[in-house]
Amino acid sequence: MTTDSTASPDAYWTIVGETRTEITIKKSVFIGCLFHVSAKADALAHIASLRAEHYDAAHHCYAYRLGHDGQDFRTADDGEPSGTAGKPILFCLQKAHVSDVLCVVVRFFGGVKLGTGGLARAYAEAAQLALEGSERRLIQRMRKISVFCTYDDVSRMTTLLEEVGAIYTPIYSDAVIFEADAPLTTVDMLVAQISERTNGRAGYTFPPTEE
């Protein structure tokens, strides 16, 4: 997976589906498991599933990042010395500029101790290998908005919605309502132009759950 930190403020990178890779370091087997997750509960469910699948493994160490800026995160060393597993895994996710991602590294101990430095490198290598084998996807941050106008202003509104990169569906009745998802950073421009381009004839509302 190549990385790209140049996504717009409206977007961030995540990974698609699930990826698993495996490496052996001094007789210990490290299985890197990478998942797309949308919430903490989703991440915890994957971790529980891996614990059941690999019940005989020595450790199930992990890190996850959630949200646009990845500031909702958690790490776990699962019995390894503090800071030798979860943090190196998290660093790999941060370096790859991905979020809404869980990485679990399952270790089957091979009888040879790696030391704290060796452990950190091994967990980072396992996480990096999983990242390199994954497919990424750009997540666009959007806000829902309903735009209503007269039939005379339909072309003006469709032009405006397309200019701001909104995805919309028109609903035709006595007036026309556009149910739209607009990129977050273009919403202010959109609401300002709705009235300006129609001399106040058109308007908009946000869903009640939106702030």
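Counting only residues that are among the polar types (S, T, N, Q) and closer than 30 Å to residue 182 by Cα, give me the strands (runs of 3 or more DSSP E) lying completely in the range 1-113 with at least 2 of them.
Values: elements: 11-15, 18-25, 28-36, 59-66, 72-76, 101-108.
Filter on the range 1-113 gives an empty set.
Return the residues of the range 153-178 that are of a type in the set (A, V, I, L, M) and farther than 18 Å from residue 200 by Cα; say none if nothing qualifies. 164, 166, 167, 171 - these are the residues of the range 153-178 that are of a type in the set (A, V, I, L, M) and farther than 18 Å from residue 200 by Cα.
Scanning the range 149-163 for residues that are crowded, with 20+ Cβ neighbours inside 10 Å and not acidic (Asp, Glu) yields 149, 157, 160, 161. Within the range 1-32, the residues that satisfy the criterion of being over 19 Å from residue 132 (Cβ atoms), modelled with pLDDT of 70 or more and either surrounded by fewer than 16 Cβ atoms within 10 Å (Cβ to Cβ) or of a type in the set (A, V, I, L, M) (or both) are 11, 26, 27. All conditions in (1) modelled with pLDDT of 95 or more; (2) at positive phi hold for residue 80, with the sole exception of (2).
Considering every residue within the range 131-141, establish whether at least one is among the hydrophobic types (A, V, I, L, M, F, W, C), at pLDDT 95 or above and under 30 Å from residue 102 (Cα atoms).
yes
Within the range 75-133, being basic (Lys, Arg), surrounded by 16 or more Cβ atoms within 10 Å (Cβ to Cβ) and within 24 Å of the chain's Cα centre (by Cα) holds for one residue alone: 87.
The values are calculated or read from the model by the stated rules, or taken from the named source; none is laboratory data. Since we're looking at a predicted model, the values are computed, not measured. Because the Cβ atoms are built from the backbone with ideal geometry, glycine has one as well, and the counts that use them run over all protein chains shown.
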